[in-house]
Amino acid sequence: MAPGIITNGHSDQNISMTSATKVDSPPSLYLNADQTDLQKKSSQYLFNYGTKFNKDIIVGSKGLYVFTASGHKILDFTSGQMSCLLGHGHPEIVKTIAEHAANLDHLFSGMVSPPVISLGERLCSLLPEGLDKAFFLSTGGESNEAAIKIAKVYTGKFEIVGLGASWHGMTAQALGTQYHYGRKGQGPVMPGMHMLPAPNAYRSVFRRADGTYDWEAELEYGWNMIDMASCGSLAACIVEAIQSSAGMHVLPEGYLKALKKHCEKRGMLLIVDEAQTGVGRCGDLMAIMYEGVVPDILTLSKTLGNGLPLSAVVTSAEIERVCVERDYSFYTTHVNDPLPAAVGDKVLEIVVRDNLVERSRELGKFLHAELRKLQSRYGCIGDVRGRGLMAGVEIVADRESKKPALELAREIGDKAYELGVWANLSSHASFGGTFRIAPPITVTKEQLETALGYLEEAFKSTPGTLPLY
C-alpha cells in the first residue's frame, strides 16, 4: 500500500476468499426460479440490443461459477463480461459494497469523498510517471468518450485514429473509432475518424520473404494512408494492447512504442484502452508496462470494478492544466461516485496485497502451454494467442486455408458449455470463430486443469475437429 492511502476501514484479510473456495450449490436468492417461465417472460419483455440471449437463465454466481435455473453449474472462464477479475461474490468486495450502500453511496457530482481520493491516490501511485491525475466514470465507452474529448480539447484538433477490428464502446466518439462492429444503422459516425490496419499476425497479408508477419511495413502503410486522408487535424490515436473482441490479437512486440513515435511525430496524443487488459489480467499490472510505454491517456473499466460499473481516465497534470484552461467538461451524474470507487480501491488493494499479478503471469504460462498442447492434437485449432490469463483459440476449417469454421466452433462451444465450462465464443463472422478465455485471476491451477479437461473432451467428442493423433 502506498503511504497515506485511505483504506476502507480495515484490510479484511481475515475474510479474503481464496481462489480455491469450494462451491457446490448456487446461492439461494433465485433457487426456486422456473426456467421455462423466465424464458417466456424474457422473450416477451426484453429488448434485443444486438445479441441472442443464452437460452439458460442464470440464477446465481459465486467464485468462478455461474448457476442456471435448470441446475447447471458452469465454470465462468470469461469473468462475466471480462470483468469479474476476482471472481463472483468476493467477500471483501461484497462487504465494501454493503458498507458504502449503507453509509456513502452517491453524491452531488461536485462533491468529493474519501473512497474517490483513495482510489485516485492508489491508482496513480501504481502507474508510471506521467499518469498522475484520474477521474472515475461508469463504463468503458464513457471513459473512452472522455479521453477522446480530452485529446480534442488539449490539441485543438479533431481527427482520431483507431485500429481495424477495435472495440471501444457505444457512445458517439468511442463508436466512431470502433471498426469491429456496431457502426451500422444510425447514419454518419463522428467526422474525422481514420483506421489503421488491424494488427492480425495470423491473417495479415503483410509478410516478409520468410513468411513472418511484417507489422512495421503494415503500420507504415497505414499511416501513409491516414496522412493522405487527413485534413491536417490529427488529435489522437486510441488502441487496445490486446484486441479482445477481434479474437484476442496481441499487439506485436514493439508496436506500441512505434505507435507512440508516430503520434509524437504528428503532434497527436496516444490513448491506450485497458478495459480488459488492465489490473493484472495479462501478467503485468497494466499491459502498457510490458514494454514500458507510457501513453498520454490511459482508460480502464471492466476489471477495475470487478463487475460493477466503474471506469477511469488517467492522464498527466500538464494535460489536465491545459484542459482546465480551455473549459474541458465531462460532468455526469455518476462521475466520482463513492460506492463504485470504494470497490475499485478494494480491487487494487487485493490485487497488490495477494500478488495476483505474478499469479496471473505464472498461471498464464501454464494455460498457454496447455492450449498449445490442445492445438497439437486438433487440426481445427488454427492459432493460440494471448498473454497472461487472457487467451484466444481460433477455430478453422483447415490450417492451410485458415478458413473460419464458425459452425464447428459453435458446436465445440455448445459441448464445452454442456460439460461445464463457459469460454465465450466469438461466433459472429467478424470475430472469426475464436474462443476468448479470461478467467478470474484468482483461478487455481486445479480449476484451469478442470476447464481444460472439459475443453479437450469437447474437441474429442465433436465431429470435424480434425484429430491429429
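The values are calculated or read from the model by the stated rules, or taken from the named source; none is laboratory data. Quick caveat, the model's predicted, so the values are computed rather than measured. Neighbour counts run over all protein chains shown; Cβ positions are idealised from the backbone, glycine included. Areas reflect the complete protein model, heavy atoms only, side chains present, ligands, DNA and RNA absent. Shrake-Rupley method; radii C 1.70, N 1.55, O 1.52, S 1.80 Å.
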Restricting to the range 60-99, count the residues that are more than 26 Å from Pro115 (Cα to Cα), open to solvent by 20 Å² or more (accessible area, probe 1.4 Å) and assigned to a strand (DSSP E or B).
4
Scan the helices (runs of 4 or more DSSP H) fully inside the range 332-449 and keep the ones with 2 or more residues being surrounded by 17 or more Cβ atoms within 10 Å (Cβ to Cβ) and modelled with pLDDT under 95.
406-419
Just the residues that are closer than 24 Å to Gln243 by Cβ, assigned to a strand (DSSP E or B) and not hydrophobic (A, V, I, L, M, F, W, C), please, taken from the range 112-168.
Glu159, Gly162
Counting only residues in the range 272-291 that are among the aliphatic types (A, V, I, L, M) and farther than 17 Å from Leu219 by Cβ, the one most open to solvent (accessible area, probe 1.4 Å) is identified as Met289
Single residue of the range 139-174 satisfying the filter (out of contact with any strand residue (DSSP E or B) (no Cβ under 9 Å at 6 or more places or on another chain) and closer than 26 Å to Asn306 by Cβ) that is surrounded by the fewest Cβ atoms within 10 Å (Cβ to Cβ):
Met170
Any chance the range 202-213 includes a residue that's under 26 Å from Asp296 (Cα atoms), touching a residue at least 12 places away in the same chain (Cβ under 8 Å) and of a type in the set (Phe, Trp, Tyr)?
no
Residue pairs within 7 Å by beta carbon, gap of at least six or interchain, first lying in the range 184-197 and open to solvent by less than 70 Å² (accessible area, probe 1.4 Å), second in a loop (DSSP other than H, G, I, E, B), listed first then second, are Val189/Arg183; Gly192/Phe158; Gly192/Ser233; Met193/Thr177; His194/Ser230; Leu196/Gly164; Pro197/Gly164
So is Lys460 without any contact (Cβ under 8 Å) to a residue 12 or more places away in the chain, open to solvent by 60 Å² or more (accessible area, probe 1.4 Å), touching a strand residue (DSSP E or B) at 6+ places or on another chain (Cβ under 9 Å) and closer than 28 Å to Thr68 by Cα or not?
yes
Under 6 Å by Cβ, and 6 or more places apart or on different chains, what pairs join a residue from the range 316-328 that is open to solvent by 100 Å² or more (accessible area, probe 1.4 Å) with one that is assigned to a helix (DSSP H, G or I) and among the β-branched types (Val, Ile, Thr)?
Arg326/Val153
Some residue of the range 236-257 being over 26 Å from Leu131 (Cβ atoms) and crowded, with 23+ Cβ neighbours inside 10 Å
yes
Inter-residue pairs, beta-carbon under 8 Å, first closer than 18 Å to Phe67 by Cα and in the range 33-50, second among the aliphatic types (A, V, I, L, M) and not in a loop (DSSP other than H, G, I, E, B), 6+ apart:
Ala33/Val59
Go through the range 229-273 and give me each residue that's part of a loop (DSSP other than H, G, I, E, B) and touching a helix residue (DSSP H, G or I) at 6+ places or on another chain (Cβ under 6 Å).
Ala241, Gly247, Pro252
